[in-house]
Each structure stands twice: as C-alpha cells, then as structure tokens.
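Heads up, the thing below is written out as structure tokens.
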Amino acid sequence: MSAEVSARPAGPSLGSRIVSMLGRSRELTLAGVIFLLCLVVAIQAPHFLSISNLSQVTTLAAIIAIAAVGESLVVMTKNIDLSVESTIGLVAFVVADILRQKMLPGPAAWAAGIGLGLVLGMANGAIITLFRVPSLVATLGTLSIFRGLDFFVAGGHEVNLADLPAGYSDAATQAFFGVPLFVILAIIVVVVVALVMRLTPFGRQVYAVGSNAEAALIIGIRSRLVIFLTFAICGALAGVAGVLWGMEFGTIYATSASNVSLQVIAAAVVGGVAIAGGAGTVVGAAVGALFLGLINNALLLLQMPQELLQVIYGAVILVAVSADALIQRRERRLAAEGAIQ
Amino acid sequence: MTDPPDTIPGSGTAAGAAPPVTMRRPILQRASGLLRWESLLLVVLALLVLEGTRLSKFFLTGPNFANLTSAVMEVAIVALPMTLIIITGEIDLSVESMIGLSGAILGSLWAAGVPIEVGIVIVLVVGALGGLFNGLVVTRLGLPSLVVTLGTLALYRGLAQVILGPTAISNFPAGFTAFGFGNIPGSTIPWTLIVFSALGVVFWLLTHKTWIGRQVFAVGKNKDAARYSGVRVGTLKTALFVVTGVIAALAGVILAARFSSARADNGTGLTLVVVTIVLLGGVDINGGKGTITGVILAVFTLSVLQNELRLAGVSSEYQGVAVGLLLIGSVTAPYLARQARSYSDRARRGRHPPAGSVEGGEVV
Amino acid sequence: MIYRAQRFAAGVAVLALVVTACGSSATPAPSVAAPSAAPSAAAPSAAPSAAPSTSAAASAAALSVVVIPKQINNPYFDVAFKGAQKAASDLGGTVTQVGPSAADATQQVPFIQTATTQGVGAIVISADDATAVVPALQAAMAAGVKVVGYDSSPAVGAYNVFVNQADTAGIGKGLADMACAEAPSCTGEIAVLSAAQSATNQNAWIDAMKTTLKDAKYSKLVFDGVVYGNDDPQVSTTQAQGLLQAHPKLKVIIAPTTVGIIAAAQVVRAAKKTGSVFVTGLGTPKGMQDYVKGGEAPQFALWNVTDLGYLAYAVAAQLTAGTIKGTEGETFTVKGLNGDKPYTIGKDGVVVLGPPFVFDKANIDQFVASFGF
C-alpha cells in the first residue's frame, strides 16, 4: 500500500455499499432476484402473477420450505440429511393409511405423522452422534431404509382420495385473505424457528458447532446433543411436510415424494445456508424454496422446453454458491484493506 | 467425525510419558487398521458367496457370474477415480449426469453419421471438459465440491436432455453392442470386465505405488501441510476431477453399449451407488484414508449381494434396504471395534483420561 | 508382510470368481419343461411380489413364469399380477413378480438376466424402453426362454407374443372421442399430460389420437400439445398446473396414464376449475372414483387389468407347451376370457385383449366393487 499521509480515505462508493449490503444479506438478494424474475416473466405471461397461479406455486413451495427449514438447521451444523424425502413419503403414506383405516381422527393422525417424523429424525441423530457415522453416509443409508419401510407399509397399495375423509384435500386450497393456508403455516414455522435460532442459546450453539466444532467443545457446548436435536427437528418438520404433502396430492403412493431431497437441499443452499456450516438463516432457506418453485413455474408458463429446467436449476445453484464465495472474498479483502489503512 | 489421529492406542490425552514403543509399531498399527477393513470385506464376500450357493444352484455358474459382473461395471470403473477424489476430501456428485451426457452426445453423433470410434473420442474429451469445470470451480473459487457438483449434477443432466430431447438412439452398430453386453467368445467373461481390470490395476498402482498417490493421501490428511511441503493442491484436485470426468464419460459409453440405447436419463441414480461402493470399500468420507483394493472388494460384495437378492426374488426396494444397512454397518462396526479396543487398552494400562478431555480428540 | 498377504488373498478370491466363470460356461440348459428354480422359501419374502402360487398338484408341466413390470409397487401392475396369479392357479405353474423400483429400463435388464440364468420357462415383461431391453431379451430367447410382452411392448424381434391391452388405434380413437364428449359442443382447446417422454405405449396412443383428430368431426378441437409427468405425482401435478396457467382457455386435459389422470383431476379440483376444465384419459376406477362423482372427470377409460395379467400368463403357458408359436394368424382360446371365443394373433405377434371400458358416474361404483382396483 502506498504510504501517503492521508486525508481521510474516500469511503466505498454507493454501488459498492449496495453490493456489500446485498452480500451480507442473502435473503435481500434473493428477494431482489425474485422481484426481477416476476417482472420479466409477467411481461411475457401476465397470468404468472394471477392469484390462482401464485396460490398454486406458493402452496407447493410452502411444503418444500418447511422441510428446507429443518434441513437448514442440519446443514448449519456442517452435516446433511439426505433422507428427508423418504421421511416425507413415509409419513404421508402412514397418515393417509391411518385415515383410510379409520384408526384415528384427523388431528390425531397428523400428530402421529409428525411424531413418526420426529422418531425418524432421532434415529438419524442417534446413528450419527452415538455411532459416529458421518451424516452423508448415515442419511444415505436411511434414505433407502426409510423408503424400504414405506414400501413395506404400503404392501403394493396406494391410498386413493376415495379412501380418505370427504374433502380431505380441500385443506390445500383454503386461503385466508387470499393467502393460502399452507403458506401461512410455512410462515409460522419459519418465524418460530427463526426466533428460536436468534433468541435462544440453542440457536447460537447451532451456529457455533457449525463454524468451529472444536472451539465449541472447548467452551463447553455439548455439540453431539446439539447435532442430535437438529436432526430430530429436521425429522419432525419433514413429518409436517409429509402431512401437508398428503393433503396436497390426495393420492399417496409408496413412491411419493421421490427426488424431494435434492429440492430441499437446493432450496437451503440457494437460500444462503452454507454447506461448510455455520452460516445462513431459515428465512433464507424458505425464500430459496419459493425462488426455485417460481423458476419451475416460470418455465412452464413461458412454455420453455422442459429440458431447460434441469439446466437452469444447476446454473442457479452454481451461481448462488459462487456469489457467496466471491462476496465473502470481497468482504475479506475490503476488511483487510480497511484494517491496513 | 474425524477418526482419532494415528496415535498409539491407550495414550489418550494423558500428559506425560507414553509407553515405550518401537519404530515398527506405528506402521503395523496403520496397516492393521486397513488390514481389518479388507479382511472384514473378504469375510463378508466369502459368506455371501457361500449363502449364494445355498440359495440357488445357478449362483456359481458362468452366466450368473457374467450377469452379476456386467451389471456393475459402469459404477465400478467410476468408483476408481471417485476413491481418489474422496481421499482428498472432495466429492463428485455429477458423475451420473456425465454418464447420461456422454451417452446422449454419443447417440446424437452416431445418429448424425459420425463413426462410432470418433464419437467415443469426442465424448471422452467432453468428459474431461466437464471434469475440468468441476475442478476449476472447486479449486479456483474455493467452493465446497458437494455443492458445486450438486449444481453440475443438474446442469449436465439438463444438457443431456437438451441435446437428445425425448428420443432414444438405439441403432448402434452390432460390434458396439456386443462389446457392452457380450462376453469374450467362448467364455463367460464380459468384455467390460477386461476394461475394469485394466483400470483397476492402473489405479491401484497409481494410488499405492506412485508419488501421485502419496500426494493424494497427503492432501487428504492435511491440506495445508501438504501445500507447505510443495504439493500443488489445486492442480492435483483439478486433475482428479478431470480424470473422473473422463472415466464417467467412458462409463456412459459402456452403458449405452450394454443397453444398445442412448437416452437423456441414462445413468440416473448411479451417483449414490458409486458413493456407496467407495464407502463400503473402507474409504473415509472425511478424506485421507482408503485403498483401491477395498473398493474393488466392495464392487464385488455389492454386486454379489444384489445378485443374490435378485435370485431370491427380493424386490429392489428391499435390496435398497439391504445396501443401506450394509453401508451404515460398514462404518459403525469399525467404530465400535475401535471403541472396544481402546476401552480394553485403557483398562489394561489402568489409565483414565483426565476429566473433561475429549476422547482421542474426536469431534462429531 | 501381513498386508501383502491380505492383498494376495483378495486377489485369490476375485480370481476364484473368475475361474468359476471360465470353468462353468456350460450352463444347465433351461429346458422348457424343467422344474423351475423358484426363489427358495428360505429367502426373506417380505416383498409383496414374491408369492409363488401353490402348484403342488398341477398336472401340467411345472411351468415357471417371471413377471417384470415397468415398475414394482405400481398399483396398476400389481392388479395385473393378481390376474397372472389367478391364471397360475387355474392353469398350473408358478408365477413371481420382480422388477425395478423406478420405471427405468437399465434397472429392468438385470432382472431379465437373472430370470434367464435361473432357467425360467417364460418372462412376461412390460418394457420401460422398447430397445434397451432388446439385447437381454434376445439372449433369453436364445437360451430357450419364451418372452411375452404386455402393456408396453419391447421392440419387434425381442418377444414371441405381445399382449396388447387394447387396440392402439382403438385407444387413440377412444381418447379423442372422450375429449370430444367432454368439451362443450366438441369445441375448445385440449392438451395431453403423458407419462415418461420415452414411454412406448403412451406415445403410440397419443399418435393414434392425433391421427383421429384430423377427422372433420373434431375440427373444432384445438390441440395444445403434450407435457410429460414421468408418472411422478409431483411432476405430473406441476405440469398440469402449468397447463392450466399457460392455456387459460383449456377445456380438456387428456391423461393416458393412471398417475397423470389422478394428478390432473386433483389439480382441476384444487384450482376450483371443476365444471370449466375437464379431465379424461386412462385411469383406475378406485383412483378416479372421487373425481368422477365430483365432476372433474365425467368419463375415462381402462381395460380389465386383471384380465390382462391372466391372458399374459395364459399365453406364456401355451407358448411353453408349444400349442402356439406366435406367428400371425394363429388362434387360441383361453377359458374365461373373451367370452371363450378364440383370440387371433395379428401382425408382429400382437394379441389384443379386447375393447376398453368407459367408466362414468353411472357405472363407477359397480366397477370399483367388481374390479377391486
């Protein structure tokens, strides 16, 4: 650096300040991108912004968002849960089956479903914390095992809408003041979890474990317990998603919710939850789910070839993660320069 | 989730004199760790083979051997470079999409009249480029490979779909199909097994007998230490991704040959199988440890297991359960064994680690 | 060094497997009348499909048949399998069902190969991809295994007989007619929600439908194109939602797939478009019962899936017994089907089960009860 006797060095330009602000807040950036996306698509296809279209898109995105909130907690501790799709599928089927066999009334069946999700999440947590199996390996295994359980319970049948109580799937279309019920539920989940993360020691411990596990241990955080809890919560929220899944689709197969894990993880990653752990917010994960749902819908409405969907998904993930890294580097560089001056 | 560093068991974190030790012991210790894993696999494989003969009289026949081998050759050859990638602490999830992409490109080139040999060469180059992209983004931008290859998993698959659309190319030349599906005339050894054997030998030599292999392990154990001792970490990792891309493209060619069909969704789901095989082979997901021998054993263990389940009429979703249990068991068993060993060692020496210390420096 | 010895032992184990391969290239020839190498009873048979039916007293040659559907745990194929099981108990022999958990041809092939190795009498298969299964099926046929296609045909030359659930042109016309009946005054926009892009049967039906639509009778119907749901409920749902949004004046969604038609009907109901957008296509009575009554799908069609499985097994039995060979013009009878009238094998070894049923509000409850699916 030049050793000039300085007048006050010039502050960062306005553009640079905006970029820094956006960089620090992934949620803000995403919101901006979503806004631009809506603008661009609405010009070509005005019904993109219609109430009916947005209701459909956000209802489905809400289910993914709830699961993504749980997943983001796991990812923040530097782990991963690949088995969410099997949990969602199994819970959806079990709840539907309970209702078909009239074993329990509606709300009890839902509670049972969420409880099942919690148990599955705890199983994951136990394998990972008690037996020290890396989460990638453990959830790769439970992905197949839980799905196998699903097939076993299904025994070759599916649950049809005709088997369920009348009007069961209508819940998916309920709306209050135009906002779909599922979106309201998702917002509630996000707010509750976000508050827990921000205000409770548990939330701070999650970030601590993810940023620097050894340091966390040294200052006395029971990191294994924290990790166990994040998997338990992830399982419970996947259970919630499973209950909603059943209401959304009406007909549940043993293979329901296949390929959802990728969507959930992508939502978290795009939403700013770093795979390297210790960063990101649940709000970001939910916004990420919304974003990906909107992109899918935009492609359909613009009648673009279906093949492009995968390409765009991949590009979006890469751009989101690269942006993270570049902005972080920039911040570090600016901080270093500022420190030297 | 890291293994305890290669310390002499029983010293724990106790300050003070470690028990007197000879130089040879650490080497044997490390070797005995690997020894245990591969012997375990060997035992499992032997048990499976025995069970197979009990299950069906067709198990130990030539054609069955050809079936169970050819079914798994594509993932087997991809597992070889994937082992090295995982040893360096990275991962490549995009291999299944590269398999699909290479098949799609090969198919469309063939449909456009390009000779199959030229097509194969072009496809291998594309594989190298795909791997190069992965490697550069991971090393230059410093992004986690899990996420980068998650992105390219979708990206390359999308490219395959754009190139081929909904059509399937299926009128490949007979020789091509015979290579992928058929055996050496007069025997029941699939041609593709020859390819895998050759690559297996090459990778074994590369990993365990050359300086490249040593660098790979060094990077896996301690990236920064490796860099300070002169290893060009970024170049090495990028090179590994390139090799993985080429091998994945080759696997895509073999897949298209075996089914005489190139479709945009060829290879879907194979990434998990490859990763399962590598982990089953005793390669540590956190990097730094693993052997090619273990992975080769795992290839056959998995394919024998799947073959037996098929012979027994078990449906594929329950095969998935079996593999899932095997995967978790494969990591749990050594851990429990280590725990048992260290407890018995500590009991023998009468030491207890100071209160509040972390056992062996492990963190989850 | 111990380590080296371990490696050597590993190599020996692999070598042992290889020597087995070279040594026993003489396979136990799967003769037609050979007792089946049925899955041993000791194997864990938690799988719903592993259910060899009792044939202890069967006087017929102990025929063994393996059914390989597009996808295991798909209710449509499970119902067909029940038909095959009934045929096995009527005609003698054993039947089992195995298959991939995803509708993926590359996963079907290992099952074909295993069945060939086991020396089964016949393979009954619904191909995920017409050509990908060809090498394996041809190898099976060369080893003396009879191959019967059903539901979705393998490529010509890779089977002895293909049992088509209904005449392809007939299905196409049926789809067009149902769309015409549901669109007010046979006027308006229609679109198709199909299964996988490469699905042979769906593509054939859609082509037949498009040919029918060229007729003057349908001139006021506007065809908006095809979208693919991959037989995945989530993808089918988003595709159907996209159709509704992209074509606001859409009148009829035609879904010739049991998963897609349910998804489309649910989407119409959720979007509160019941009565302004209609759904038709091919679906199971039980799956669509609620939607027929609700008005989203006034009519749709299917065939008797149980009979399809029954006929496929019966054909396999007759092929292995040698009473038919699969050449054009041959006739045969199956007691209990087709009113006991003979079936005729057509071009390319195709046998047609019969005309499809059309379900509507009047008969849906009765058929749910009698079909059971």
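Tabulated data
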{"item": "Peptide ranges C:218-225, C:144-151, B:256-263, B:207-214 listed from the most packed, as the mean C-beta count within 10 angstrom indicates", "result": "B:256-263, C:144-151, C:218-225, B:207-214"}
{"item": "Longest to shortest principal axis, alpha-carbon extents of chain A, angstrom", "result": "83, 55, 36"}
{"item": "Anisotropy class of the protein assembly as shown from Cα gyration tensor, a/c 1.5 cut", "result": "oblate"}
{"item": "Cross-link pairs beyond the 19 Å C-alpha cut-off, checked among A:Lys102/C:Lys273; B:Lys209/B:Lys289; C:Lys220/C:Lys251; B:Lys221/B:Lys289", "result": "A:Lys102/C:Lys273"}
{"item": "Between 0 and 90°, nearest 10: helix A:223-249 axis offset from chain A longest Cα axis", "result": "50"}
{"item": "Residue-averaged [θ]222 nm for chain B, counting only DSSP H segments that reach four residues, each worth -39500 (n - 2.57)", "result": "-23500 deg cm²/dmol"}
{"item": "Backbone HN-Hα couplings from phi across segment A:61-73 [Karplus 6.51/-1.76/1.60, Hz, Gly and Pro as x]", "result": "5, 4, 4, 4, 4, 4, 5, 5, 4, x, 4, 5, 4"}
{"item": "Shape of segment B:120-254, Cα gyration tensor, a/c cut at 1.5", "result": "oblate"}
{"item": "Cα centroid separation, segment C:318-351 to segment A:127-176 (Å)", "result": "44"}
{"item": "Cut-off 15 Å, label 7 Å out along Cα→Cβ of C:Ala321, residues of segment C:77-106 by amide N", "result": "C:87-94"}
{"item": "C:Gly188 long-range amide H proximity, modeled H, under 5 Å", "result": "C:Leu221, C:Val222"}
{"item": "For A:Ala236, net neighbour charge (Lys/Arg +1, Asp/Glu -1) across residues whose Cβ lies under 14 Å away", "result": "-2"}
{"item": "Kirkwood hydrodynamic radius of segment B:55-326, Cα pairs, Å", "result": "19.0"}
{"item": "Selected from A:Ile275, B:Phe176, C:Leu302, residue furthest toward positive end of dipole (the protein assembly as shown; charges at beta carbon)", "result": "A:Ile275"}
{"item": "Sequence-distant residues sharing a close amide H with C:Phe357 (under 5 Å, placed H)", "result": "C:Leu302, C:Trp303, C:Asn304"}
{"item": "R0 of 35 Å, Cβ-Cβ distance A:Leu199-A:Phe176: FRET efficiency to nearest 0.05", "result": "0.80"}
{"item": "Karplus (6.51, -1.76, 1.60) ³J(HN,Hα), θ = phi - 60°, over segment A:292-297, in Hz, Gly and Pro reported as x", "result": "5, x, 5, 4, 4, 5"}
{"item": "Inter-probe distance in nm under a simple model that places probes 7 Å from Cα toward Cβ, at C:Lys272 and C:Ala362", "result": "3.3"}
{"item": "Amide H within-cut-off set for C:Ser194, under 5 Å, with H built and near neighbours excluded", "result": "C:Val227, C:Tyr228, C:Gly229"}
{"item": "In Hz, Karplus ³J(HN,Hα) per residue of segment A:109-122 (6.51, -1.76, 1.60; θ = phi - 60°; x = Gly, Pro)", "result": "5, 4, 4, 4, x, 5, x, 4, x, 4, 4, 4, x, 5"}
{"item": "Chain A: calculated mean residue ellipticity at 222 nm from DSSP helix runs of at least 4, using -39500 (n - 2.57)", "result": "-24500 deg cm²/dmol"}
{"item": "Taking B:Trp204, A:Trp245, B:Trp37 and counting other C-beta atoms within 10 Å, the order from fewest to most", "result": "B:Trp204, B:Trp37, A:Trp245"}
{"item": "Whole-number percent relative contact order across segment B:253-305, with pairs defined as alpha carbons under 8 Å at least 6 apart", "result": "25"}
{"item": "A:Ile51/C:Ala369 FRET efficiency (R0 30 Å; Cβ-Cβ; nearest 0.05)", "result": "0.15"}
{"item": "Under 27 Å from the Cα of C:Lys325 - lysines, other chains or at least 8 residues apart", "result": "C:Lys70, C:Lys82, C:Lys86, C:Lys146, C:Lys335, C:Lys341, C:Lys347"}
{"item": "Under the Debye formula (equal points on every Cα, no solvent term), log10 I(q)/I(0) of segment C:168-302 at q = 0.13, 0.19 Å⁻¹", "result": "-0.44, -1.00"}
{"item": "Degrees between helix A:14-24 axis and first principal axis of chain A (Cα, 0 to 90, nearest 10)", "result": "40"}
{"item": "Sorted by Cβ density within 10 Å, fewest first, the residues C:Ser152, A:Ser72, B:Ser344", "result": "B:Ser344, C:Ser152, A:Ser72"}
{"item": "Nearest-ten-degree value, helix A:260-270 long axis tilted from longest Cα axis of chain A", "result": "20"}
{"item": "Net +/- balance of residues flanking C:Gly329 in space, Cβ distance below 13 Å, scoring K and R +1, D and E -1", "result": "-1"}
{"item": "Percent breakdown of C-alpha pair distances by 10 Å bin, ordered from the shortest bin, for segment A:187-249", "result": "20, 43, 25, 10, 2"}
{"item": "Cβ-based charge dipole, segment A:47-324, positive-most Cα from A:His47, A:Gly106, A:Gln310", "result": "A:Gly106"}
{"item": "Cβ neighbours within 10 Å from other chains - mean over C:93-103", "result": "4"}
{"item": "Loop-located trypsin sites (Lys or Arg not before Pro) in segment C:238-271, at most 12 other Cβ atoms within 10 Å (DSSP)", "result": "C:Lys249"}
{"item": "Pairwise label distance in nanometres, A:Lys102 with A:Ala323, each label 7 Å out on the Cα-Cβ vector", "result": "5.3"}
{"item": "Relative contact order for segment A:47-324, counting Cα pairs under 8 Å that sit 6 or more residues apart, in percent", "result": "37"}
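Coordinate-derived values only; no laboratory data. It should be emphasised that the depicted structure is a prediction, and the values quoted were computed from it without experimental measurement. Ideal geometry is used to build each Cβ from the backbone, glycine not excepted, and the neighbour counts take in all protein chains shown.
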